[in-house]
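Visitor: One structure is given below, represented as C-alpha cells, and several questions about it will come after.
The values are calculated or read from the model by the stated rules, or taken from the named source; none is laboratory data. On a predicted model such as this, the values are computed, not experimentally measured, just so you know. Neighbour counts run over all protein chains shown; Cβ positions are idealised from the backbone, glycine included. With ligands, DNA and RNA removed, areas are computed over all heavy atoms of the protein, side chains included. Shrake-Rupley method; radii C 1.70, N 1.55, O 1.52, S 1.80 Å.
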Amino acid sequence: MTARHLLKLSDLHADEARRIVGRATELKSSHGPDHRPLLGRTLAMLFAKSSTRTRVSFEVGMAKLGGHALMLATAQTQLGREEPLADTARVLSRMCDAIMIRNDSQADQEELAQQSRVPVINGLSELHHPCQLLADVQTWFEHRGDPSGKVAAWIGDGNNVCNSWIEAARLFGFTLRAATPHQYRPDPQVLKFAGKSLALVDDPAAAVAGADLVVTDTWTSMGREAERAERIQILAPFQVNEALMAKAGPDAVFMHCLPAHRGEEVTAGVIDGPQSVVWDEAENRLWAQMALLEFLLA
Ligand code: CP
Ligand code: NVA
C-alpha cells in the first residue's frame, strides 16, 4: 500500500482536515503520559531552512506520543554533498516511520514522497505550509467556533502561508479575501483550486472590511533575503496596523504564523494587542501535528 503524505493541505479531504483539527483540540485538553500510540516509531526531520516552531513542535509531539524525532539539518547529511533526494528517501523510509521536510522546492518534496515507503510531511516549502494551517484553523475554532461561512483577510505577500490559507478556505468553507501587491500574487495552481472561496483584491481596507479574522506574514520569506529592500517598499501599504484592524469586525482575531517583524508587516500594537491570538496559534502547532501524526501513523 502506498503511504499517505501531506505535501499540501488539499492532500486531505475536507472531512479528514476537520477530523484532524478536532482531534488536535481534544489532545490539547486530554493528552496524558499514557497515550503513546507511536511507541518505538521515528520521524526523520530534514531541514534545509531555519526553524523554531516546526522543529520543536514535531520533536516534542513525537515524544509525547511515545515516539522519537531525528533532526537532520540537510547541510550536515550527504544531501549537502549531492546525494540524490530520491536515494535519501529510499534509505530513510527503510529506517524511519515518517519523514518531515522543510526546503525550497515543492517539486523535490513530491519526488521524495514518490520514493518513500512512509508518509512524507511538508514542514514548509516555497509554495505551501500545510501544518501551519492545521494549527491556524484549530486556533480559529477554539476562539470563535466553526469558521464555515466566515471571512478571513490575508494582507501582504501572496506566499507559501497565503497559498495554504487559500486551500484552507475551500476545505473549511470560509471565504478568504487576499490583498497582495500584483507582483506578489499567490500561486496560479492554488488560485485554480480556490474557486469561489477566494476573492483577490488590491486594497487591504477592502479585504479587512467586516472580516472575522486578519492574518499576515513576513514580507521577506526565507530564501528571498536579496529582495528585502524592494519588498519593504512594495509591501509598505500592506502593513497590518491599528487603523486597518479597526476596519475589521469588532470580534476579529489577528493571526501570524511567526516569526514576526514588528514595524514591517504588523505593528507591535496589533500583534501584542487584545485581538492577537498568535501565542495560542504557535502552541497549536504542537497539538495539530500530534493529531496529524496520529492520522498518518497510528
Ligand atoms: N511558523 C513556523 O513555521 O515557524 P518556524 O519557522 O519557527 O518553524
Ligand atoms: N513565509 C515564511 C514563513 C515562515 C514560517 C517563510 O517562508 O519564510
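Visitor: Expressed in nm to one decimal, what extension gain is obtained for the pair Glu242 and His143 from 0.36 nm per residue of sequence separation less their Cα-Cα distance?
Guide: Result: 33.6 nm gained on full extension.
Visitor: Here is a follow-up. Provide the gained length on full extension for the span Lys196 to Asp251, in nm with one decimal, where the gain is 0.36 nm per separating residue minus the Cα-Cα distance.
Guide: Taking 0.36 nm per residue and subtracting the Cα distance, the gain is 17.4 nm.
Visitor: Hey, another quick one. Tell me the carbon and sulfur percent of the accessible area for the chain, rounded to whole percent, probe radius 1.4 Å.
Guide: Taking all protein chains in place, the chain shows 51 percent carbon and sulfur surface.
Visitor: Alpha carbon centre of the range 252-297 versus the range 203-220: separation in Å?
Guide: Each part reduced to its Cα centre gives a spacing of 15 Å.
Visitor: Sum up the lysine pairs in the chain that clear both bars: alpha-carbon distance under 23 Å and a spacing of 8 or more or different chains.
Guide: 8
Visitor: Per DSSP H run of n ≥ 4, the term is -39500 (n - 2.57); total these for the chain, divide by its residue number, and report the mean residue ellipticity at 222 nm rounded to 500 deg cm²/dmol.
Guide: The helix contribution divided over the chain gives -12500 deg cm²/dmol.
Visitor: A follow-up question, please. How much length would be gained if the chain were fully extended between Leu39 and Ala226, taking 0.36 nm per residue of separation minus their Cα-Cα distance, in nm to one decimal?
Guide: That pair, Leu39 and Ala226, stretches by 62.9 nm at full extension.
Visitor: Count the net charge of all other residues whose Cβ sits under 12 Å from the Cβ of Phe58, scoring Lys and Arg as +1 and Asp and Glu as -1.
Guide: Once positives and negatives cancel, what remains is +4.
Visitor: Probe of 1.4 angstrom, ligands and nucleic acids ignored: what's the accessible area per residue over the range 171-298, in square angstrom?
Guide: With all protein chains present, the range 171-298 gives 42 Å² per residue.
Visitor: What are the extents of the Cα atoms of the range 62-120 along their three principal axes, in Å, largest first?
Guide: 33, 23, 20
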